[in-house]
Amino acid sequence: MGKKPNKGCRLILLFFLLSLILFWSQPRVEAQEREKPVKYLAITGARLIDGTGHAPLEKAVIVIANDRIANCGPQGQVEIPKGAEIIDVKGKTVIPGLIDAHLHFTYPPKEEEFFFINEAISAFRAANFLHQMLLIGVTTVRDVSSFSRVGYEAKKAFNLGLFEGSRPIVTGPGITCTGGHGTEGYRLGIVEEADGAAGFRRAVRQRVKEGADLVKILPPYSREEILAAVEEAHFHEKFITVHSGVYKAQYDFVRWAVEAGADCIEHAYALPEDVIPQMAAKKIYCVPTLSILIKLGNQYKEKGTEWEWKVKKYFECQELFRQLRAAGVRMAVGTDAVGENMASYPHFYFEEVENFVALGASPLEAIVAATRISAEVCAASDRLGTIEKGKIADLVVLAGDPLKDIKQLRTAEIIIQAGRLIPLK
Ligand SMILES: [Zn+2]
């Protein structure tokens, strides 16, 4: 009988001691964090295109404190902190880190591998791919439908600093109906099949639970299903984007997505003309993916006359782009090369920006599409996409002036991601 209270007392004492240790150790860790010296980096003499759409600023100064932009503006008006590392880039142009707003970095580079893909090889390939993209100045990518858990895990690995590459923003597997787009030929793990409004709601909740940054839906779906998905995504304050594609009732899918209030349509493809003004009125974005549609159009031309209708649809993207732009629909830069076409990366990205210009956008407009608007469709414009005070310090120094020739985007000399200079070799 006498032993029982002693054991209880010991437990209480142990608990008390543990609490004390936790209580005292916690603030000290925080204090150490606070005492870490701020590392300043100043970029001077630049022609600054800040991504907001404002005219370029000559002889600009950008001050970076650790991973953030502390200040930027004209020379003489921006104070450079004592002890800052200074990089003079006189005569060169600074732009925000570029963003690819539509790709699939977890997919295999050969179509047949979709049937025996595994997470390990997908993850290794993803790390390599993201590194290649970073080295051309693409500091962030938006992965819209990833294989299994690899998209989420790539994001975690990036945040842990386990690899150097473009920052992943991910949807996880896309959501479609049973047998819908992404399941062709029994491809493995790139979409989740759901049915009915309740099924689509559950699938959206599942993505949110797994850590998706945004949600991707692929047709076919019913009106009720897309409405439920959009409602559920918005309930969780998640951006929701919808793939536009050709099916029998092709025109209804986009119409229903627009009616439901989805945030974005992927691909300037099979969009009914009368839906375009509705997209503009509702401020629904489009990621037109022009270059891959044109590339597929050229590849399908070889397939024979029975493919003519599809080839026509692919090439229509150019006219749709003009109509979307004229209507004021905000468009982001995304590439979407999969399978064998992945061999065109990383420089394929520049083709897309150049196509914006070839189809009527000014170089400044195309740069804004590749930075600020692409950050908006990543649901990350609070921290990415422009060079402004408080934003994450992602920026690229170009040798040439892309406002004179958009091809100068290909001349990255210095790449900074979250305040860190990226070694280019
Ligand atoms: Zn895609």
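None of the figures in this text is laboratory data; all of them are computed from the coordinates on show. Everything quoted here is computed from the prediction, not taken from an experiment. In this analysis, Cβ positions are derived from the backbone assuming ideal geometry, glycine residues included, and neighbour counts consider all displayed protein chains.
Diffusion of the range 256-415 by Stokes-Einstein, at 37 °C in a medium of 0.692 mPa s and with Rh set to the Kirkwood radius over alpha-carbon pairs, works out to 196 µm²/s. Relative intensity of the range 33-165 on a log10 scale, I(q)/I(0) at q = 0.16 Å⁻¹, equals -0.90, per a Debye sum over C-alpha point scatterers of equal strength in the absence of solvent. Relative contact order, whole percent, for the range 98-377 stands at 18, derived from Cα pairs under 8 Å and 6 or more residues apart. Of the trypsin sites (Lys or Arg not before Pro) in the range 292-347, the ones in a loop by DSSP (not H, G, I, E or B) with at most 16 other beta carbons within 10 Å are Lys303. Based on Cα atoms of the range 225-327, Rg over Rh with Rh as the Kirkwood radius reads 1.01.
In plain terms, the C-alpha convex hull of the range 148-215 casts an average shadow of 4.9 nm² when viewed from every direction. In a DSSP loop and with at most 12 other Cβ atoms within 10 Å, the trypsin sites (Lys or Arg not before Pro) in the range 94-190 are Lys110.
For Leu48, Leu41, Leu135, the sequence from fewest to most other C-beta atoms within 10 Å is Leu135, Leu41, Leu48. Charge tally around Arg149: other residues with Cβ under 13 Å, Lys/Arg +1 each, Asp/Glu -1 each, net -1. As a proxy for reagent exposure, ranking Tyr40, Tyr186, Tyr349 by other Cβ atoms within 10 Å from fewest up yields Tyr186, Tyr40, Tyr349.
Per-peptide packing, taken as the mean over residues of other Cβ atoms within 10 Å, places 64-72, 286-294, 253-261 in the sequence 286-294, 253-261, 64-72 from highest down. Taking label positions 7 Å along the Cα-Cβ direction at both Arg202 and Glu112, the computed distance is 3.7 nm, reported to one decimal.
Computed over the range 90-246, the alpha-carbon pair-distance distribution with 5 angstrom bins reads 2, 10, 19, 20, 18, 14, 9, 4, 2, 1, 1, 0, each value a whole percent.
Both radii were evaluated on the Cα set of the range 98-377; the Rg over Rh quotient, with Rh as the Kirkwood radius, amounts to 0.93. With a cut-off of 8 Å between alpha carbons and a minimum separation of six or more residues, what is the relative contact order of the range 308-412 in percent? Relative contact order for the range 308-412 comes out at 21 percent.
DSSP beta bridges fully contained in the chain are about 45 percent antiparallel. 3J(HN,Hα) couplings calculated from phi for the range 205-213 with the Karplus curve 6.51 cos²θ - 1.76 cosθ + 1.60 (θ = phi - 60°) are, in sequence order, 4, 4, 4, 4, 4, 6, x, 5, 7 Hz; Gly and Pro show x.
What order do you get for Glu192, Glu79 when you list them from fewest to most C-beta neighbours inside 10 Å? Lowest count first: Glu79, Glu192. Protection proxy ranking for 94-101, 397-404, using the average of other Cβ atoms within 10 Å per residue and placing the highest first: 94-101, 397-404. Among Phe158, Phe105, Phe321, which one shows the highest mean-square fluctuation when the chain is modelled as a Gaussian network with alpha-carbon springs under 10 Å? Of the options given, Phe158 has the highest mean-square fluctuation.
Among the listed pairs Lys36/Lys407; Lys312/Lys404; Lys110/Lys238; Lys92/Lys313; Lys82/Lys391, those with a Cα-Cα distance over 30 Å are Lys36/Lys407; Lys312/Lys404; Lys110/Lys238; Lys92/Lys313.
Using C-alpha pairs under 8 Å with a sequence gap of at least 6, the mean separation divided by the residue count of the range 165-205 gives a relative contact order of 38 percent.
Loop-located GluC sites (Glu not before Pro) in the range 361-425 (DSSP state not H, G, I, E or B) with no more than 15 neighbouring Cβ atoms inside 10 Å: Glu388.
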